[in-house]
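Notes to accompany the following structure.
The values are calculated or read from the model by the stated rules, or taken from the named source; none is laboratory data. Because the structure is predicted, anything quoted here is derived from the model rather than measured. Here the Cβ is made from the backbone with ideal geometry for all residues, glycine too, and neighbour counts use every protein chain on show. Heads up: the accessible areas ignore ligands, DNA and RNA and are worked out on the full protein's heavy atoms, side chains in. Shrake-Rupley method; radii C 1.70, N 1.55, O 1.52, S 1.80 Å.
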Amino acid sequence: MPRRTGLWDMFEDVAELLADLATAVRWDQRGCGRSQRCAGPWTTDRFVADLDAVRRHFGLSRMALLGHSWGAQLALGYALAHPERVSALVYVAGTGIDPDADWHPAYKANFRARLGERPERLARWQELTDRPQLTEAEDRERAVLQWSAEFADRARDLEHARRMADPWFGVNTDCNKALNAERRRAWGTAELHAACRELDLPVLILDGAHDVRPRSAVDSLERALPRVHRVVLPDAGHLPWVEDPQGFRGAVADVL
């Protein structure tokens, strides 16, 4: 279960939700969360190799992969590199295979609009973002404010975001910046589109309709994949298992 860049494993709820369907293997990616801090390298190829090391450690010949956000990109990258080792791919809340320029401006606008529904939150987030240095408490506060925009339920968004930050391990910003820069350079190529058209395994694209990242970003991936099913949960945001656990479970159960 790969996760977002620079963060740690937050899939406990997912593992519990799917416990009777599959044995979940979760890990903290290189240099992030509970893993030993290191200097990288921060590349998709390195993270794909790390994922394969996890597979070998558990003696798995094939596995179903579930990746969320940037982790969805990693899971797709692994499946493209090693399709014979993947039985199914669950691609949750990713951003597709077109260039960032096609969706990122809309994401930034949607994020500020969502956070701006609580003007005091947007002002505080901007204040913390503009500071050159943050304490650990301020870093966590900034993340919680930012993550609150990920949820459709505006009455519980802050509660959900605080759960994501408990426990708090700190964001590996070097990892985050390096992998995002790599995606901007390497994603959206004709070669990537062609490789996806050749990916002969079942793929579930699973989204929340209220994700601030425009869901149209994933259209290109859906068009390219030969064996794809797409489910959009109407009442969920970027972490659909939090806001629609039964809808999420039902969709994943179908592909597993």
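What number of residues within region 84-103 are open to solvent by less than 10 Å² (accessible area, probe 1.4 Å) and not hydrophobic (A, V, I, L, M, F, W, C)?
3
Counting only residues that are part of a helix (DSSP H, G or I) and either closer than 13 Å to Val92 by Cβ or within 15 Å of the chain's Cα centre (by Cα) (or both), how many does region 214-242 have?
Summing the residues that are part of a helix (DSSP H, G or I) and either closer than 13 Å to Val92 by Cβ or within 15 Å of the chain's Cα centre (by Cα) (or both) in region 214-242 gives 7.
For Leu74, indicate whether it is hydrophobic (A, V, I, L, M, F, W, C) and either surrounded by fewer than 16 Cβ atoms within 10 Å (Cβ to Cβ) or more than 30 Å from Ala251 (Cα to Cα) (or both).
When the stated conditions are applied, Leu74 does not pass them.
Please count how many residues of region 214-256 are open to solvent by less than 20 Å² (accessible area, probe 1.4 Å) and either closer than 24 Å to Met63 by Cβ or at pLDDT 95 or above (or both).
14
Please go through region 212-237 and give me each residue that is among the charged types (D, E, K, R) and closer than 26 Å to Trp42 by Cα, ordered by number.
Once the filter is applied, which keeps residues that are among the charged types (D, E, K, R) and closer than 26 Å to Trp42 by Cα, region 212-237 yields only Arg213.
Does Asp166 satisfy the criteria of being out of contact with any strand residue (DSSP E or B) (no Cβ under 7 Å at 6 or more places or on another chain), acidic (Asp, Glu), free of Cβ contacts under 8 Å to residues at least 24 places away in the same chain and within 30 Å of Cys38 (Cα to Cα)?
yes
Would you mind stating whether Leu122 is open to solvent by 30 Å² or more (accessible area, probe 1.4 Å) and of a type outside the set (Asp, Glu)? Before the answer, list the steps.
Details: open to solvent by 30 Å² or more (accessible area, probe 1.4 Å): yes; of a type outside the set (Asp, Glu): yes.
Answer is yes for this residue.
Which residue pairs have Cβ atoms under 8 Å apart, sit 6 or more places apart or on different chains, and have a first residue in region 186-198 that is in contact (Cβ under 8 Å) with a residue 40 or more places away in the chain and of a type in the set (A, V, I, L, M) and a second that is surrounded by 15 or more Cβ atoms within 10 Å (Cβ to Cβ) and assigned to a loop (DSSP other than H, G, I, E, B)?
Listed by first residue and then by second, the contacts come to Leu192/Ile97.
From the list Leu66, Leu115, Leu128, Leu122, exactly one residue is under 19 Å from Leu239 (Cα atoms) and free of Cβ contacts under 8 Å to residues at least 60 places away in the same chain. Which is it?
The conditions single out Leu115.
For region 48-63, check the following and say yes or no: at least one residue is open to solvent by 40 Å² or more (accessible area, probe 1.4 Å), touching a Gly at 6+ places or on another chain (Cβ under 9 Å) and not charged (D, E, K, R).
So far as region 48-63 goes, no, none of its residues is open to solvent by 40 Å² or more (accessible area, probe 1.4 Å), touching a Gly at 6+ places or on another chain (Cβ under 9 Å) and not charged (D, E, K, R).
Grab the helices (runs of 4 or more DSSP H) fully contained in region 146-213, keeping just those with 1 or more residues being aromatic (Phe, Trp, Tyr), on the phi > 0 side of the Ramachandran plot and open to solvent by 10 Å² or more (accessible area, probe 1.4 Å).
In region 146-213, no matching helices (runs of 4 or more DSSP H) lie anywhere.
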